[in-house]
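Structure record follows, encoded as structure tokens.
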Amino acid sequence: MKVARITMKPCKLLQNIKPKNYIGFKVNHEGMVEHYIECINGSKRRLKVNCYNCFLGRVLEYSYLISIPKIIATNNGISIRFFTLYNARVRELLREFRDQIIDVVIDDYRNYYLTPRQLQILQLLGDDRKSISNIAKNMGISKTAASKLLDKALKKIIKKYA
């Protein structure tokens with residue numbers, strides 16, 4: 001399994017609001033993505049949008065985000081950067097949404113000095129997008145232990161790029 005650090009252009013709605021910081025998001029029961037952002041003036045906003053035509057929204061359907069997206073200031077305005085597990089569907093989405101993509105850095109998770117169990121949980125996570133409960137059953141551990149193992153593995157990956 002590979003990890004991708006993706007930098008993308010924000011949608012027009014996000015550009016018009018001029019966000020300072022990306023707080024987080026959630027996908028509601030209607031399939032709409034709700035973005036929580038902090039504006040330059042310090043106010044906090046919730047944007048409820050259909051992100052079907054947005055690369056980030058589509059990645060949420062087919063892969064796991066390793067980090068909360070961050071807003072990065074650039075010479076051309078702002079961009080959004082996040083880490084995701086890189087699989088065949090993400091590769092297809094990168095081609096499909098190439099006009100929204102600024103930069104992609106792909107790295108093999110084996111370069112992060114992960115333990116064999118951490119490697120195993122990442123591999124299981126990337127295979128057919130299994131849930132933590134199913135992964136825990138496959139590994140013969142509790143759901144809590146699987147969550148902690150995954151958390152440690154993902155922190156090692158993020159630390160490399162921090």
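Annotations for the structure displayed:
- Proximal aspartates and glutamates relative to Lys20, as straight alpha-carbon distance under 12 Å, when same-chain residues fewer than 8 apart are discounted: Glu38
- Among the trypsin sites (Lys or Arg not before Pro) in region 61-133, those placed in a DSSP loop whose Cβ has at most 10 other Cβ atoms within 10 Å are Arg98.
- If you plug the beta carbon distance of Ala145 and Lys70 into 1/(1 + (r/R0)^6) with R0 = 25 Å, you get a FRET efficiency near 0.30.
- Label-point separation, Arg117 to Ala88 (7 Å along Cα→Cβ), nm: 3.1 nm
- The ranking of Tyr64, Tyr113, Tyr86 by Cβ neighbour count inside 10 Å, starting from the fewest, reads Tyr113, Tyr64, Tyr86.
- Top of Asn76, Asn50, Asn16 by mean-square fluctuation, Gaussian network on the chain, Cα under 10 Å: Asn76
- Residues of region 60-93 with amide N under 13 Å of the 7 Å Cα→Cβ point at Ile102: 70-82
- Calculated [222 nm] ellipticity per residue, helices only, for the chain: -11000 deg cm²/dmol; basis is -39500 (n - 2.57) per DSSP H run with n ≥ 4, divided by all residues, nearest 500.
- Contour excess over end-to-end distance, with Cα ends at Asn16 and Arg95 and 0.36 nm allotted per residue: 25.8 nm
- Remark: C-alpha extents of region 1-81 on the principal axes read 38, 30, 19 Å, sorted largest to smallest.
- Orientation-averaged projected area, Cα convex hull of the chain (nm²): 10.1 nm²
- Of the GluC sites (Glu not before Pro) in region 28-119, the ones in a loop by DSSP (not H, G, I, E or B) with at most 16 other beta carbons within 10 Å are Glu30.
Here, each number is a calculation from the coordinates, and none is a lab measurement. This one's a predicted model, so the numbers in the text were calculated from it and none came from an experiment. Here Cβ is always computed from backbone atoms with ideal geometry, including for glycine, and neighbour counts include all displayed protein chains.
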